[in-house]
Amino acid sequence: MSFTSRDDFLARVENRLAPPAAQLGRVTRTDFDLNPEFRPKPLPDLRPAAVLVGLQDRGDDFGVLFTERPTTMPTHAGQVAFPGGKIDAADKSAADAA
């Protein structure tokens, strides 16, 4: 996907961050979508999670912030990912979890 301008990009982001109420709370994608050859049987219960897409404003474009997960993690070890993860009971909101 390409954007015609910085303002076009920001408008599209703002629109996507405010989905219609009917879509709130409905899981439509999971990280298994990115690994079609790997499907656990049966698919485990999904846990609520949140990620942060950090953008660095470079004037004419944006940089994106990623993290590298430690190799000692029990799942997704060593993967490059957005910051964030499982929403814990202590988190006040999804934004806090991210």
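The values are calculated or read from the model by the stated rules, or taken from the named source; none is laboratory data. Quick caveat, the model's predicted, so the values are computed rather than measured. Note that each Cβ is placed from the backbone with ideal geometry, even for glycine, and that neighbours are counted across all protein chains shown. Areas reflect the complete protein model, heavy atoms only, side chains present, ligands, DNA and RNA absent. Shrake-Rupley method; radii C 1.70, N 1.55, O 1.52, S 1.80 Å.
Looking at region 60-93, which of its residues are within 22 Å of residue 10 (Cβ to Cβ), open to solvent by less than 80 Å² (accessible area, probe 1.4 Å) and in contact (Cβ under 8 Å) with a residue 40 or more places away in the chain?
61, 62
Restricting attention to region 42-58, which residues are over 17 Å from residue 91 (Cβ atoms), open to solvent by less than 100 Å² (accessible area, probe 1.4 Å) and modelled with pLDDT of 75 or more?
Correct list: 53, 54, 55, 57.
So which of 78, 25 ends up being modelled with pLDDT of 90 or more and on the phi > 0 side of the Ramachandran plot?
One residue alone meets the criteria, 78.
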